[in-house]
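What follows is a set of notes on a single structure, which appears directly below.
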Amino acid sequence: MKVEKLVPKIRFQGFTEEWEAKKLGEILLKIGDGLHGTPIYNINGNTAFVNGNNLINGKIVINKETKMVDNFQQSKNDKSLNDNTILMSINGTIGNLAYYNNENVMLSKSVAFLETNKYSKLFIYQLLQSEQIIYYFINNLTGTTIKNLGLKIIRKTPCKVPKEKMEQENIGNLLKKIDQLIALQQQKIALLELLKKAFLQKMFASENQKVPEIRFVGFNDEWEHEKLVNLGHAFSGLSGKSKKDFGHGKAKFVTYMNVFKNPLASLLEVEPIEIDNKQHEIKYGDVFFTISSETPMEVGMSSVWKYNSPNVYLNSFCFGYRLDYNFDLNYLAFMLRSNDFRKKVIILAQGISRFNISKNKLLNIEIFFPMLKEQQKIGVFFEELDQLISTNNHKLTNLKSLKKSLLQNMFI
């Protein structure tokens, strides 16, 4: 029987030697975890008590939820962490990783420390993300409600590693560069999202401010205002349907998540259903509102339909709103997601475990709007900003796919 050689599908030029089969306990100098208990917290302490949620994208991230302790509570293990240490979450959240960079921390039991020695730290960091390792971890977790990855399992985890440290370093360095590109892309998206949030707050008028703080040059008129109920009328989503009615048919319906996520509804996020002339067929320019959500902050989310497609209905967990007046649809979509409008919606949410909103109360909300030309300027601005965010999200997806592919093909 032919024995397959231990070599990866993708390899740096110049390396031909077979990899060797090892266990993580053999290639790591130390494997341990943090405190199995609760320390004495001190808000004025100078040491962060970190858990698995503090390990984000290769870094230890200290946030406002992180508890602080005095440094005298640190154990011998905490104080022996060094430049060769990798931290990994092993309780609840499994597999989050971070390089240790001399931060003043105390580890909880949900964090394991893995100290490297003869093998490349960069390589091992990526090896821990490979399919083979993750699969082994997942299949050997203990616990019911809260999953745990034991230190014995980590030590026994089988792996394949290059014999030459230079090959290890090459793999680790390449994947680290991709990680850095992913992190930069995430930062860019976060910045764009912050800009959008700021513009949604400052480019729309409100009861307290009859004109917005930021305005395009050439527009000076005060904005008009009117209740939604006086500008259009509501209609209901799908009714009288059972589970067997969905998933087939020549008609489509707009999903709840399509409405929830998108200021401008997506034509791609619709699902099949049979044609039913008793239902309300949606039209170009219709607005959709979600009726309920798990939190008051997410109730009454809106989306605008910009398509002329026949036989399309709205899901039963939303209601529709049809304007009787001419509005720029891009403007309308983002105005209904603006800070001022969302605040008015959120205070109407009612419930305990799930929050609902009254259709009549929502339609009694007063909106502010400028002349059509100014609406169009604002609408184009936000549509282009959303397209920019979407483009960058697509780039991020591609980078993550590249990383996943390399992890599959550069490891055994």
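With springs only between Cα atoms under 10 Å, which of N311, N277, N364 fluctuates most in a Gaussian network model of the chain?
Maximum fluctuation in the GNM of the chain, among the listed residues, is at N277.
Using a cut-off of under 20 Å, list every residue of the stretch 297-338 whose amide N is near the label point 7 Å from the Cα of N356 along the Cα-to-beta-carbon line.
So the set is 297-302, 314-321.
Would you pull out the residues with amide H under 5 Å of V211's amide H, same chain only if 5 or more places away, H placed 1.01 Å from N?
S206
Post the alpha-carbon centroid distance, the stretch 113-182 to the stretch 360-380, in whole angstrom.
Between the Cα centre of the stretch 113-182 and that of the stretch 360-380, the gap is 53 Å.
Assuming R0 = 41 Å, what is the FRET efficiency of S390 and N148, from their Cβ-Cβ distance, to the nearest 0.05? The partial results should precede the final answer.
Numbers: r = 39 Å, r/R0 = 0.94.
So the FRET efficiency works out to roughly 0.60.
Carbon and sulfur atoms: what percent of the 1.4 Å accessible area of the chain do they account for? Each step should come with its number before you reach the end.
Details: 11750 of 22470 Å².
Summing carbon and sulfur atoms, their accessible area is 52 percent of the total for the chain.
At 1.4 Å probe size, what's the solvent-accessible area of Y136? Round to the nearest 10 Å².
The accessible area comes out at roughly 60 Å².
Which loop-located chymotrypsin sites (Phe, Trp or Tyr not before Pro) does the stretch 379-412 contain, where loop means any DSSP state but H, G, I, E or B and the Cβ has at most 14 other Cβ atoms within 10 Å? Each step should come with its number before you reach the end.
Values: sites: F381, F382, F411; in loops: F411.
Hits after loop and neighbour filter: nothing returned.
How high is the FRET efficiency from Q408 to H280, r the C-beta distance, R0 60 Å, rounded to 0.05?
With a Förster radius of 60 Å, E is 0.80.
If one computes the Cα centroid of the stretch 220-244 and of the stretch 1-34, what distance in Å separates the two points?
What the calculation gives is 61 Å, centre to centre.
Sequence neighbours fewer than 8 away in the same chain don't count; with that in mind, list the lysines whose C-alpha is under 23 Å from K67.
K59, K76, K79, K109, K147
How large is the accessible surface per residue of the chain, computed with a 1.4 Å probe and reported in Å² as a whole number? Can you show the working numbers first?
Values: 22470 Å² over 412 residues.
About 55 Å² of surface per residue is accessible.
Mind checking which of E271, E65, E213 has the largest fluctuation in a GNM of the chain, springs on alpha carbons under 10 Å?
Per the Cα network of the chain with a 10 Å cutoff, E65 tops the list.
Just to check I understand the Karplus step: with θ = phi - 60° and J = 6.51 cos²θ - 1.76 cosθ + 1.60, what whole-Hz values come out for the stretch 29-36, glycine and proline as x?
6, 9, 9, x, 9, x, 5, 9
So what's the back-of-envelope 222 nm ellipticity for the chain, counting only DSSP H runs of four-plus at -39500 (n - 2.57) apiece and dividing by all residues, rounded to 500? Show your work: numbers first, answer last.
Numbers: 11 runs with 131 residues, N = 412.
Value at 222 nm, helices only: -10000 deg cm²/dmol.
Using a simple spin-label model with points 7 Å from Cα along the Cα→Cβ vector, what separation in nm is obtained for E226 and F72?
Rounded to a tenth, the inter-label distance reads 7.2 nm.
The values are calculated or read from the model by the stated rules, or taken from the named source; none is laboratory data. If you're wondering where the values come from, they're calculated on a predicted model, not measured in any experiment. Backbone-built Cβ (ideal geometry, glycine too); neighbour counts: all protein chains shown. For the accessible areas, the whole protein counts, side chains as well, though only heavy atoms, and no ligand, DNA or RNA atoms are used. Shrake-Rupley method; radii C 1.70, N 1.55, O 1.52, S 1.80 Å.
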